[in-house]
Amino acid sequence: MARFGVLTGGGDCPGLNAVIRGIVRKGINQYGHEFVGFRYGWAGVLKNEAIELTNQTTRGILHRGGTILGSSRTNPYKVDGGLDQVRAAIADRNLDGLIPIGGEDTLGVARKLVDEGINVIGVPKTIDNDLNGTDFTFGFQTAVQIATDAIDRLHTTAESHNRVIIVEVMGRHAGWIAAYSGIAGGADVILVPERPFDIDEVCSLIKRRHESGSTFSIIVVAEGATPKDGDIVSEFGGQTDAFGHVRLGGIAVALEKGIEERTGYESRMTILGHVQRGGTPVAYDRVLGTRFGVEAIDAATDGDWGKMVALRGTDIVRVPLDEALAEPKLLDTKLYETARTFFG
Ligand code: F6P
């Protein structure tokens with residue numbers, strides 16, 4: 001029997017509750033472990049604010065979006081004495097290890113804690129699917145489905161009004177959501193962070209399409225896509241979070257204006273934003289989250305510290321946190337080439 005602390009950090013993500021339930025259910029029923037869940041990510045560890053996680057408190061949460069623990073973008077390394085506070089919470093709660101569930105930032109903190117001798121097993125979470133070491137993160141498929149449904153609906157207005165509609169989806173470093181939802185939704189152009197774009201080329205594609213008989217177009221753009229000759233576009237004036245990330249959102253506004261001016265086609269934009277992270281997880285994400293949770297508690301029970309659970313092909317494996325965090329996992333070139341086949 002051992003005691004572990006679980007936390008969810010960064011943006012919320014469909015499937016987080018499935019992971020928590022997987023960890024706790026297997027940990028209690030198979031190994032007789034005990035769990036606390038820290039509130040609001042690393043913020044709860046710093047404040048030593050936690051709840052007991054039991055079979056009772058994790059019942060009925062599998063299908064629920066968000067996280068029963070709450071989340072935040074708190075960075076303990078940006079807080080004076082943060083590391084001491086983390087150590088104090090672990091000692092006070094008599095914990096044998098931590099299981100943080102998060103993306104590059106939350107797991108980046110976990111990685112540093114490993115060097116401090118703290119026992120950690122990471123679980124990869126992000127709708128952006130940009131964490132290395134794992135083929136998919138949970139939450140991604142739900143976000144893609146939400147974005148695809150939105151593109152389907154926006155087709156109606158685009159077609160009825162002969163408009164160009166620009167749909168902005170999430171994707172800070174990588175265009176996975178844009179590429180998947182764009183392919184699934186039949187987008188006429190897809191713009192991703194990995195390929196800086198030229199607005200004149202975008203307009204040529206749209207014009208070619210309209211000149212060959214189409215009366216409307218759909219452009220899907222990832223929030224992190226940048227113009228070839230410019231910087232990242234954000235409506236939030238360079239606001240950054242505790243990990244130094246600029247608050248994104250608004251590239252679609254610039255595209256709407258630029259495309260209408262250059263082509264004369266009436267253009268409208270829609271920014272999907274947090275809708276993509278909200279609501280119930282699709283079945284795929286519930287299953288992947290459950291499998292990650294179960295593997296994470298197996299790894300913690302084995303004392304296989306410094307690892308992140310991951311999906312490789314159809315198998316759940318453990319990879320070093322280092323490997324997962326070295327670089328973001330960028331869009332597969334072949335996938336983007338497939339998407340390009342349908343441009344214009
Ligand atoms: O989880 C990553 C992400 O979805 C990014 O694509 C996006 O930039 C960010 O979250 C926005 O999150 P928030 O508005 O909660 O800070």
Return the percentage of antiparallel bridges among DSSP beta bridges fully within the stretch 121-256, rounded to the nearest 5 %. 10 percent
Exactly which trypsin sites (Lys or Arg not before Pro) in the stretch 36-112 are in a DSSP loop and have at most 11 other Cβ atoms within 10 Å? Arg59
Which of the trypsin sites (Lys or Arg not before Pro) found in the stretch 142-250 are in a DSSP loop and have at most 11 neighbouring Cβ atoms, other than their own, within 10 Å? Lys228
What fraction of the DSSP beta bridges in the chain is antiparallel, stated in percent and rounded to the nearest 5? 30 percent
Ignoring ligands, DNA and RNA, how do Ile251, Ile271 rank by accessible area with a 1.4 Å probe, largest first? Ile271, Ile251
Give me the orientation-averaged projected area of the Cα convex hull of the chain, in nm², one decimal. 17.1 nm²
Calculated Rg and Dmax of the stretch 1-147 using C-alpha coordinates, Å: 14.5, 44
Can you give the accessible area of Thr333, probe radius 1.4 Å, in Å² rounded to 10? 90 Å²
Which whole-number percent gives the relative contact order of the chain, counting Cα pairs below 8 Å spaced six or more residues apart? 23 percent
Give me the lysines in straight-line cross-link reach of Lys207: C-alpha distance below 21 Å, same-chain residues under 8 apart excluded. Lys228, Lys257
Evaluate the charge dipole of the stretch 146-238 about its Cα centre and quote only its size in Debye, nearest 20, assuming +1 on the Cβ of each Lys and Arg and -1 on the Cβ of each Asp and Glu. 200 debye
Based solely on its DSSP helices, what 222 nm [θ] is calculated for the chain when runs of n ≥ 4 H residues each add -39,500 (n - 2.57) and the sum is averaged over all residues, nearest 500 deg cm²/dmol? -12500 deg cm²/dmol
Under 5 Å, built H, 5+ apart or other chain: amide partners of Met269: Ile166
Hey, got a sec? Which chymotrypsin sites (Phe, Trp or Tyr not before Pro) in the stretch 300-344 land in a DSSP loop and have at most 15 other Cβ atoms within 10 Å? Phe342
Within the chain: Cβ-based charge dipole about Cα centre, in debye rounded to nearest 20 (Lys, Arg +1; Asp, Glu -1): 840 debye
Heavy atoms only, probe 1.4 angstrom, no DNA, RNA or ligands counted: give me Ser204, Ser71 ranked by accessible area, highest first. Ser204, Ser71
What's the angle, to the nearest 10 degrees (0 to 90), between helix 283-302's Cα axis and the longest principal axis of the chain? 30 degrees
Reachable lysines from Lys47, criterion Cα separation under 20 angstrom, eight or more residues apart if same chain: Lys78, Lys112
Ordering His245, His33 by how much accessible area each has at a 1.4 Å probe, largest first, what is the list? His245, His33
Consider just the alpha-carbon atoms of the stretch 257-344 and return their Rg together with their Dmax, both in angstrom. 20.2, 63
Using the Cα centre as the reference, give the magnitude of the dipole from point charges on the C-beta atoms of the stretch 83-214 (Lys, Arg: +1; Asp, Glu: -1; all else neutral), rounded to the nearest 20 debye. 180 debye
Accessible area per residue, Å², the chain with all protein chains present, probe 1.4 Å: 41 Å²
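The values are calculated or read from the model by the stated rules, or taken from the named source; none is laboratory data. Since we're looking at a predicted model, the values are computed, not measured. FYI the Cβ positions are ideal-geometry reconstructions off the backbone, even for glycines, and counts take in every protein chain you see. In case anyone asks, the SASA skips ligands and DNA or RNA and just uses the protein heavy atoms, side chains included. Shrake-Rupley method; radii C 1.70, N 1.55, O 1.52, S 1.80 Å.
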